[in-house]
Amino acid sequence: MRKTVFASLALVLSTLPLAACGEKEAPPADSVDGKPGVEITNGRIVLPAVAGNPAALYLDIVNNSDGYAVVRKAEVPGAKDVAMHESVTTNGKAEMVDLAPVNLVKGQSVKFEPGGKHFMIMGLDPAPAAGETKEVTLTFAGGDKTTFTAKVEAPGGGN
C-alpha cells in the first residue's frame, strides 16, 4: 500500500511543472472566438410593421483575413429561425429568394441591406423594442463563429 501512495504522489507531482509553464487549455469546440480578419459593422435589426411578421437583419461585413470566408448562417437568441435571402427582380417582379452561403473573397466587403442580401428573423420572442440591442452570431464554413451586437430599429429603419 505504501508503494501505491508514493506512486500516486509521484504522478501528481509530475504534472505540476506543466501547469506552472503557463500551458493553456484548448477552448471548447463551441466557443465563439470570432473569424480572424472578418469585421462586421452597422448591424441592425429592423422590426416589422405588422406584429408577428419577420424582422430584418442588415450588416456590413469585410474579409481582411488571409483567405476566404463563407457566411453560412446567422442566429439570434429568441428567434425560431433566421434565413438568408436576397431580393431579386425577375420579369419586372420583385421577390425574395433563399440565398446560398455567401463567399467573401479576401479584401472584399459585402452589404446585407434593404433591396439586396439580408437575413429574415422569424418568431423573435420576446419581441425587442426599438432602441434595444440584440446579440447576433454568424457561423462561417469551417465552424468559426463571430458574435456582434445589432441595434434594434423601428419599422422602416428609424428609431
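The values are calculated or read from the model by the stated rules, or taken from the named source; none is laboratory data. Here the structure is a predicted model, which means the values were calculated and not measured. A quick note on method: Cβ atoms are made from the backbone with ideal geometry, for glycine too, and the neighbour counts reach across all protein chains shown.
Quick notes on this one:
- Hey, VAL62 without any contact (Cβ under 8 Å) to a residue 40 or more places away in the chain and aliphatic (A, V, I, L, M) or not: no
- Residues being out of contact with any strand residue (DSSP E or B) (no Cβ under 8 Å at 6 or more places or on another chain) and either within 23 Å of GLY157 (Cβ to Cβ) or among the charged types (D, E, K, R) (or both) - total across the range 90-117: 1
- Residue check, LYS134 within 20 Å of VAL38 (Cβ to Cβ), charged (D, E, K, R) and touching an Asp or Glu at 6+ places or on another chain (Cβ under 6 Å): no
- Residue check, GLY131 modelled with pLDDT of 95 or more, closer than 25 Å to VAL50 by Cα and assigned to a loop (DSSP other than H, G, I, E, B): yes
- Hits in the range 50-64 (condition: small (Gly, Ala, Ser) and either part of a strand (DSSP E or B) or modelled with pLDDT of 95 or more (or both)): ALA55, ALA56
- Count of the range 79-98 residues which are closer than 23 Å to GLY52 by Cβ and in a loop (DSSP other than H, G, I, E, B): 2
- The residues in the range 100-129 that are of a type in the set (A, V, I, L, M) and over 20 Å from THR41 (Cβ atoms) can be counted, and the count is 6.
- The set of residues from the range 110-159 being of a type in the set (Gly, Ala, Ser), over 18 Å from the mean Cα position of the chain (by Cα) and within 30 Å of TYR68 (Cα to Cα) comprises GLY115, GLY116.
- Restricted to the range 129-158, and to residues there that are surrounded by 13 or more Cβ atoms within 10 Å (Cβ to Cβ) and among the β-branched types (Val, Ile, Thr), the residue that is nearest to ALA100 (Cα to Cα) is THR139.
- Of all the residues in the range 58-99, those that are polar (S, T, N, Q) and under 20 Å from VAL46 (Cα atoms) number 1.
- Each residue in the range 65-78 was checked for being out of contact with any Pro (no Cβ under 9 Å at 6 or more places or on another chain) and in a loop (DSSP other than H, G, I, E, B), and 4 pass.
- Subset of the range 33-49 (residues that are crowded, with 16+ Cβ neighbours inside 10 Å and part of a strand (DSSP E or B)): VAL38, ILE40, GLY43, ARG44, ILE45, VAL46
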